[in-house]
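Just so you know, all these numbers are worked out from the coordinates, no wet-lab data involved. Fair warning: this is a prediction, and the values are worked out from it, not measured in the lab. Neighbour counts are summed over all protein chains in view; Cβ atoms, including those assigned to glycine, are modelled from backbone coordinates with ideal geometry.
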Amino acid sequence: MELWGVLYALGVAAVFLSAGLSRYLKALVGRLPRAWLRTLAYVMLYLLLTWALSFPLSVYMGYFREHAYGMSNQTFGEWLGEALTSLGLSLVFGSLVILALYAAVRQAGRSWWMWGTGIAAVAIVLSIFAGPVFISPLFNKSTPLPAGPVRAAILSMARANGVPADNVYLVDASRQTKRISANVSGMGSTIRVSLNDNLLNRCTPQEVQAVLGHELGHYVLNHIPKMVVFFVLIIGLGFWVVDWAFRKLVAQYGPRWDVADLSDVGGLPLLAVLLSLFLFLATPVFNTIIRTSEQEADMFGLNAARQPDGFASTAIKLSEYRKIDPTPLEEIIFFDHPSGHTRVQSAMRWKAEHLGGK
Ligand SMILES: [Zn+2]
């Protein structure tokens, strides 16, 4: 699917550049009075049309495939409503970020990619900060954990590891999916641990504690700020590579695509597809960085929750949406979490070393 996604994006870029859609859009916005208004109008039309052209693939991946695997709880209308909410967010915030990037290109010239990296860093930090309080509520409801022994055990483990108990929430993920999951989101004052209701409904108290131990690991080990640093560095490298490739391609095909230079907003479809190609090729690097921190959280969680059996059986349950025993190469390239096989092995090793196998 990752490969098809990139090939599809290449096709969309071809519609804009080779088939002349970009030329048409530039003519359409050309009568607006100011340069930044023309850029903004082009960017919003570009985002809207890219969304529409990619719609068949999004429906297949997000709706039909989820249903084919029995993972979705959504009707088509519910799915479409959320897809439109996401489109609205990208039209408002995505276009502001792209507008800021074009301002950097026009002001800073060749060194735009350094300013661009700074802009990307600010955008990433703000979106993570806003995630749990402004973005997630558009899709799901968060509530305190329901009273009972599970809540008592979870909050006790949180307090023991220095995580304030009012930073632990239950989220109604069953609105969208049957998947068991939990996560840490937010930054600074908005950071929180969220358990999804499927986890609470489909797992034993021991399994829930094992998963929460893992999430507390992300929280205590500051994984979110660390990931931001890595991602910003990779994006900076990406901007630099994209800048180089863009100049090469425009020198050759610029007249045919009606793209003058980097400051020409008509080159946005080319910039976007070059960046997605770069990010696609960087997938194993992204996955390995994330998977390494997931492994750290696994170890933290085993020590914090002391539920190796619960952790192992949850890893097996997750195989309904993650291949449980991939080859080592598959795990390095495609897996952003340790495989079920690796996790069961870690849990059983922990059990043997700590409890003598009892
Ligand atoms: Zn994790």
*Which values, in whole Å and largest first, are the semi-axes of the equivalent ellipsoid of the stretch 39-149 obtained as the square root of 5 times each eigenvalue of the Cα gyration tensor?*
33, 21, 11
*Just grab the label-to-label distance for residue 130 and residue 309, each label 7 Å out from Cα along the Cβ direction, in nm (one decimal).*
4.7
*aspartates and glutamates near residue 351 by alpha-carbon distance under 20 Å, same-chain residues fewer than 8 away left out - which ones?*
207, 215, 294, 296, 298, 309
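In debye, nearest 20, what is the charge dipole magnitude of the chain about its Cα centre with +1 on Lys and Arg Cβ and -1 on Asp and Glu Cβ, if you could check?
Approximately 540 debye in magnitude.
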_Between residue 28 and residue 201, what's the calculated FRET efficiency when r is the beta-carbon distance and R0 is 45 Å? Round to 0.05._
0.30
*Within the stretch 81-233, percent of DSSP bridges classed antiparallel, to nearest 5*: 65
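I'd like the FRET efficiency for residue 222 and residue 52, computed as 1/(1 + (r/R0)^6) with the beta carbon distance as r and R0 of 35 Å, rounded to 0.05. Write out the running numbers ahead of the final one.
Values: r = 40 Å, r/R0 = 1.14.
E(calc), rounded to 0.05, equals 0.30.
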*Grab the Cα-Cα distance for residue 286 and residue 83, subtract it from 0.36 nm times how many residues apart they are, and report the gain in nm with one decimal.*
70.6 nm
*Could you state the per residue volume, in Å³, of the convex hull enclosing the Cα atoms of the stretch 24-83?*
86
*Work out how much length residue 15 to residue 240 would gain on full extension: take 0.36 nm times their residue separation and subtract the Cα-Cα distance, in nm to one decimal.*
78.5 nm
*For the chain: relative contact order, % (alpha-carbon pairs under 8 angstrom, 6 or more apart)*: 18
*Can you give the convex hull volume of the alpha carbon atoms of the stretch 257-320 per residue, in Å³?*
133
*Report ³J(HN,Hα) in whole Hz for each residue of the stretch 249-257, in order, from the Karplus equation J = 6.51 cos²θ - 1.76 cosθ + 1.60 where θ = phi - 60°; Gly and Pro get x.*
5, 5, 4, 8, 10, x, x, 5, 8
_What distance in nm separates the two pseudo spin-label positions at residue 93 and residue 36, each 7 Å out from Cα along the beta-carbon direction?_
2.1
*Expressed as a rounded percentage, what relative contact order does the stretch 261-347 have, with Cα pairs under 8 Å and six or more residues apart?*
38
*Please provide three numbers in whole Å: the alpha-carbon extents of the stretch 277-358 along the principal axes, with the largest listed first.*
49, 22, 17
*Listed residues 287, 260, 245: farthest to the positive end of the dipole of the stretch 240-358 (Cβ charges)*: 287
*For the pair residue 252 and residue 353, what calculated FRET efficiency results from E = 1/(1 + (r/R0)^6), where r is the Cβ-Cβ distance and R0 = 51 Å, to the nearest 0.05?*
0.25
*Picking from 117, 61, 85, whose Cα lies most toward the positive end of the charge dipole for the chain (charges on Cβ: Lys, Arg +1; Asp, Glu -1)?*
117
*Where the Cα pairs of the chain fall when distances are cut into 10 Å bins, in %*: 5, 20, 30, 24, 14, 6, 1, 0
*Using 0.36 nm per residue, how much length does the chain from residue 190 to residue 114 gain when fully extended, once their Cα-Cα distance is taken away?*
24.5 nm
*the chain: angle of helix 95-108 to the longest principal axis, Cα-based, in degrees nearest 10*: 60
*asked:* Around residue 329, under 14 Å between beta carbons, what's the net of Lys plus Arg minus Asp minus Glu among the other residues?
replied: -1
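What value, in deg cm²/dmol to 500, does the helix sum -39500 (n - 2.57) over DSSP H runs of n ≥ 4 give at 222 nm once divided by the residues of the chain?
Working: 16 runs with 240 residues, N = 358.
Using -39500 (n - 2.57) per qualifying helix, the result is -22000 deg cm²/dmol.
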_Percent antiparallel among DSSP beta bridges (both partners in the chain, rounded to 5)_ = 65
*Among the lysines, select those whose C-alpha is under 29 Å from the C-alpha of residue 26, and discard any that sit fewer than 8 residues away in the same chain.*
248
*Straight-line reach from residue 178: which lysines have a Cα under 20 Å away, not including same-chain ones fewer than 8 places off?*
141, 317, 323
*asked:* Testing the spin-label approximation: label points 7 Å from Cα along Cα→Cβ at residue 64 and residue 230. State their distance in nm.
replied: 3.5
